[in-house]
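Trainee: This structure is in structure tokens; I'll ask about it shortly.
Nothing in this text is a laboratory measurement; each read-out follows from the coordinates by a stated rule. Predicted, not measured: the structure shown is a model, and the values here were computed from it. Counting neighbours? That spans all protein chains shown, and the Cβs are built from the backbone with ideal geometry, glycine included.
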Amino acid sequence: MDTDVLTVDIKKQLGEFALDAKFESAGLVTGVFGPSGAGKTSLVNLIAGLLKPDRGTVALDGEVLDDVQSHRHVQTHLRRIGYVFQDARLFPHLNVRQNLGYGRRMNGLPSDQAGENHVIELLDIGGLLNRRPAQLSGGEQQRIALGRTLFAKPRLLLLDEPLGSLDDERRAEILPFLITLRDEAKVPMVFVSHDAEEMRQLATNVIILKRGKVFAKGGVDILPKSVV
């Protein structure tokens, strides 16, 4: 399966902070690495369409999503890009099965029972389907958030510090599922983290951000030996 090529060449002023990023990635998992305040979340928000660049372009698999010069900006819900945040953001009044189907229903997609069963199996959430979010651990909630995004069949998955709010035990629980998604689901991902070890285990290529600029890009060997 070919991997969608993500091309980013943007500038964005956010108060006194300036983001100026240019890179192209066809890797299965593009790691966006850097310290707090480097611009990682702003970058993925621009890719998702939640922010508009001041200058430049964003394209995915040849489709231009943003082009400031030609006044093109594809709305977030039309990009077919899934976004998993640091907190799971599940609907507390819905059970797991209903939460999983929410994104698919909102996008008007038909049910794909075989595909959905595959996601449920990959994430090992079959025994949780009738529970409410309040009955789940933090790690289980993040697995449901991943499943909900995958049910909507994204062509790119944005993961903004998805392990950041979890303790070490829950983080160790979730990381193998992300590796499985990389190896079996083959959905291209942009994985944001300031943890070099997480990045080494999951990313296939890495962008290092510092103070809003791409400091380095390459394989996981460019990561520092200790956490930035």
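Trainee: Any chance you could give the angle, 0 to 90 degrees and rounded to 10, that helix 138-151 forms with the longest Cα principal axis of the chain?
Mentor: 80
Trainee: Among the DSSP beta bridges whose two residues both lie in the range 149-228, what percent are antiparallel, rounded to the nearest 5?
Mentor: Numbers: 5 of 9 bridges.
Looking only at bridges with both residues in the range 149-228, the antiparallel portion is about 55 percent.
Trainee: Along each of its three principal axes, how wide is the spread of alpha-carbon positions in the range 143-198, in whole angstrom units, largest first?
Mentor: Cα extents, longest axis first: 29, 20, 18 Å.
Trainee: What percent of all Cα-Cα pairs in the chain falls into each 5 Å bin, going from 0 up to the bin containing the maximum distance?
Mentor: 1, 7, 15, 19, 20, 16, 12, 7, 3, 0, 0
Trainee: A further question on this structure: What shape does the range 1-88 take by its C-alpha gyration tensor, where a ≥ b ≥ c are the square roots of the eigenvalues and a/c under 1.5 counts as rounded, a/b above b/c as prolate, and the rest as oblate? Write out the running numbers ahead of the final one.
Mentor: Values: a/c = 1.42, a/b = 1.08, b/c = 1.31.
Judged from the Cα gyration tensor, the range 1-88 comes out rounded (a/c under 1.5).
Trainee: For a protection proxy built on the mean count of beta-carbon atoms within 10 angstrom, sort 128-137, 45-54, 110-119 highest first, please. Before the final figure, lay out the partial values.
Mentor: Working: 128-137: 15.0, 45-54: 18.3, 110-119: 12.1.
Descending mean neighbour count gives 45-54, 128-137, 110-119.
Trainee: If I fit a long axis through the Cα atoms of helix 96-106 and take the longest principal axis of the Cα atoms of the chain, what angle between them do I get, 0 to 90°, rounded to 10?
Mentor: The angle comes out near 50 degrees.
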